[in-house]
Amino acid sequence: MVYGLNKNQWIQVISAWLGWLLDGYTTIAYALVALTISSVFFPPYLKVLGIVLTFAGFGVGALARSIGSLVLGNFLGDKMGRKNMLVITILGFSFLSASKSVLPGYNKLGIFSPILLYLILFFEGLFAGAEYGGGSTLAMESTPPDKRGFVGSFVQSGYGTGYFIVSLVLAFISMITGKSFSTIGWRILFATAIIPGIIAFAIRIFAKETNIFEEMKEKKEIEKIPLKSLFKYSPKQMIIGLLITTGLLAINTATFSFWPSVMYNLKYNEEIIGFSVAVINLVSLFGVWFGGFLADIIGGRKKPMIIYGIIFAFLSYFLIKYGYTEKLTIFVTLFSIQAFIEAMIFSTIPAFLSELFSKKYRTTAVGFTYNGGAIIGGFAISFIYAISFIGLVNAWLIILYVFTIIMLIGIFLAPETWRKSANEDMIKR
């Protein structure tokens with residue numbers, strides 16, 4: 001046994017981790033090339049508006065993720081099983097992600113080009129939306145309470161791992177394609193999303209269902225309409241969870257998804273951007289792992305999030321103010337520090353959300369609460385550009401701190417979900 005988990009439990013955890021890897025890969029692939037494809041899918045004369053509309057694709061995907069988490073979580077994850085749902089969702093997610101590589105541009109289809117892009121992002125989001133709820137539930141239901149902090153952080157780190165890999169892939173493709181990156185390179189990048197999807201599907205075939213879900217089937221405790229029970233019995237938990245995830249996902253969008261655009265504004269080329277954000281993300285992986293490890297020592301889910309959130313709020317002003325520079329070493333160093341601390345906040349989220357809701361509608365609840373935060377949070381970059389007339393850095397700081405405050409309010413209102421005794425384990429409810 002490694003870290004208190006047996007072989008089957010690790011297969012379940014890695015299965016969930018791979019879903020997050022694909023999510024990080026595809027989401028950041030879009031962020032990395034957003035400024036490039038803004039003139040492909042929207043008329044060049046729109047300029048800043050075209051950029052805003054391109055980044056609005058994050059919001060389109062976020063809305064779809066919330067719908068997908070409710071619909072697929074309700075009809076698959078909480079009725080057919082966590083594993084069965086994840087096998088289905090990874091197929092749709094990966095193929096739709098890769099399909100962006102063959103979309104025609106505005107010069108060929110006119111207004112139908114961005115419409116098709118939004119449609120792909122929407123349906124991709126439907127499948128991606130079920131990933132978090134199903135994956136987190138599968139992993140957390142398979143893990144002892146005192147191990148969930150670190151194991152949850154490992155699952156969460158899949159996103160950063162995907163970010164790290166796609167950044168290196170971007171750098172490699174940009175070296176090969178050179179000046180033709182704007183015409184063919186970005187298409188190759190999107191097409192590569194099929195690879196992690198196939199790997200995740202292959203592993204999920206061998207994953208087993210959680211014991212908790214199997215017991216529910218045996219005892220005939222499966223809800224006829226899990227979604228109805230969620231809104232009936234846990235509205236307060238949903239609101240608190242949405243405050244936290246709205247703030248946190250907006251912060252994430254305004255940092256990890258925004259750094260590539262910031263580097264474009266500072267005139268860095270694709271190769272340097274790829275390697276730089278890869279380094280920043282590598283540092284963030286150590287942040288999420290350290291945050292989960294430390295959370296298990298501190299005890300609880302709420303206290304670690306409060307500590308990490310306050311440290312992030314205190315340091316972010318200085319990191320952004322002095323990190324926005326053409327001096328590459330300073331840029332990478334300061335934003336690596338910010339990435340490390342931000343990742344620590346994410347580390348306890350899988351355990352916290354899974355313990356917050358009943359097993360009878362956990363997949364639906366966790367998926368909706370997490371993805372629901374991105375409905376507004378996913379527009380963070382568009383918000384920044386919308387008020388960039390006051391200066392990009394000033395707009396960046398304002399948006400970042402507005403959502404940091406929202407996140408901290410949610411954390412302070414949240415109940416503690418962790419229990420020292422396995423007999424009091426909230427995840428078995």
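For the reader, a short list of remarks on this structure follows.
- Taking the range 249-281 as the range and being part of a helix (DSSP H, G or I) and over 24 Å from Ala386 (Cβ atoms) as the test, the residues that pass are Glu270, Glu271, Ile272, Gly274, Phe275, Ser276, Ala278, Val279, Ile280, Asn281.
- Residue in the range 385-392 that is at pLDDT 90 or above, more than 17 Å from Ser234 (Cβ to Cβ) and surrounded by 24 or more Cβ atoms within 10 Å (Cβ to Cβ) present: no
- Taken together, Ser66, Ser113 contain a single residue that is modelled with pLDDT of 85 or more and assigned to a helix (DSSP H, G or I), which is Ser113.
- Among all residues of the range 343-355, there is at least one that is within 18 Å of the chain's Cα centre (by Cα) and under 16 Å from Phe258 (Cα atoms).
- Residue check, Thr210 over 27 Å from Leu70 (Cβ atoms) and of a type in the set (Ser, Thr, Tyr): no
- Qualifying residue in the range 359-366 (condition: within 14 Å of the chain's Cα centre (by Cα) and surrounded by 24 or more Cβ atoms within 10 Å (Cβ to Cβ)): yes
- Qualifying positions in the range 35-63 - under 17 Å from the mean Cα position of the chain (by Cα) and among the aliphatic types (A, V, I, L, M): Ala56, Val60, Ala62, Leu63
- Summed over the range 232-245, the residues that are buried (at least 24 other Cβ atoms within 10 Å of the Cβ) and not small (Gly, Ala, Ser) give a count of 2.
- Scope the range 194-208; condition closer than 22 Å to Gln9 by Cβ and free of Cβ contacts under 8 Å to residues at least 40 places away in the same chain; matching residues: Ala202
- Subset of the range 206-240 that is closer than 30 Å to Ile376 by Cβ and not in a helix (DSSP H, G or I) - its residue that is modelled with the highest pLDDT: Ser234
- Taking the range 95-147 as the range and being under 22 Å from Val71 (Cβ atoms), surrounded by fewer than 24 Cβ atoms within 10 Å (Cβ to Cβ) and touching a Lys or Arg at 6+ places or on another chain (Cβ under 6 Å) as the test, only Ile120 passes.
- Taking first residues from the range 147-159 that are farther than 19 Å from Gly299 by Cβ and partners that are of a type in the set (Gly, Ala, Ser), the Cβ contacts under 6 Å between residues at least 6 apart in sequence or on separate chains come to Val155/Ala16; Val155/Ala139; Tyr159/Gly24.
- Only one entry of Ser316, Ser276, Ser261, Ser229 meets the criterion of being touching a Lys or Arg at 6+ places or on another chain (Cβ under 7 Å) and either surrounded by fewer than 23 Cβ atoms within 10 Å (Cβ to Cβ) or hydroxyl-bearing (Ser, Thr, Tyr) (or both), and that entry is Ser229.
- Count - residues of the range 180-205 that are assigned to a helix (DSSP H, G or I), touching a helix residue (DSSP H, G or I) at 6+ places or on another chain (Cβ under 9 Å) and over 25 Å from Gly92 (Cα atoms): 2
- Just one of the listed residues (Gly309, Gly300) is on the phi > 0 side of the Ramachandran plot, surrounded by 14 or more Cβ atoms within 10 Å (Cβ to Cβ) and of a type outside the set (S, T, N, Q), and it is Gly300.
- Check on Tyr361, of a type in the set (Ser, Thr, Tyr), in a helix (DSSP H, G or I), in contact (Cβ under 8 Å) with a residue 60 or more places away in the chain and under 23 Å from Ala395 (Cβ atoms): no
- Conditions (1) surrounded by 21 or more Cβ atoms within 10 Å (Cβ to Cβ); (2) over 24 Å from Lys147 (Cβ atoms): number failed by Asn269: (1)
The values are calculated or read from the model by the stated rules, or taken from the named source; none is laboratory data. Computed from a predicted structure; not experimentally measured. With ideal geometry, Cβ positions are generated from the backbone for all residues, glycine too; neighbour counts draw on all protein chains shown.
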